[in-house]
1. Being closer than 28 Å to residue 21 by Cβ and in contact with a helix residue (DSSP H, G or I) (Cβ under 9 Å, 6 or more places away or on another chain) is the filter here; which residues of region 35-75 pass it?
2. Would you mind finding the one in 33, 53, 57 that is surrounded by 10 or more Cβ atoms within 10 Å (Cβ to Cβ) and free of Cβ contacts under 8 Å to residues at least 60 places away in the same chain?
3. Any residue at all in region 56-66 that is modelled with pLDDT under 95 and in contact with a strand residue (DSSP E or B) (Cβ under 7 Å, 6 or more places away or on another chain)?
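The values are calculated or read from the model by the stated rules, or taken from the named source; none is laboratory data. This is a predicted model, so every value here is computed, not measured. Don't worry about glycine lacking a Cβ; one is built from the backbone with ideal geometry, like all the others, and counts go over all protein chains shown.
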């Protein structure tokens, strides 16, 4: 895929279309880490939040409680 660098205000930027955003699982407001490699390659890496164990456990308990009847029928 070829993109053209365009002027955006006083800066330059790339416009990422919806299909590319979907493929990269990005949305407006997401953060990306930018790294420049030898030879000039620019790599954008999504910064994904890390879910803490206690937060994951609380979410799992909430989902189990909310869907307890469904889980009973499936077992």
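1. If the condition is that a residue be closer than 28 Å to residue 21 by Cβ and in contact with a helix residue (DSSP H, G or I) (Cβ under 9 Å, 6 or more places away or on another chain), then 51 is the only one that fits.
2. 57
3. No, region 56-66 has no match at all.
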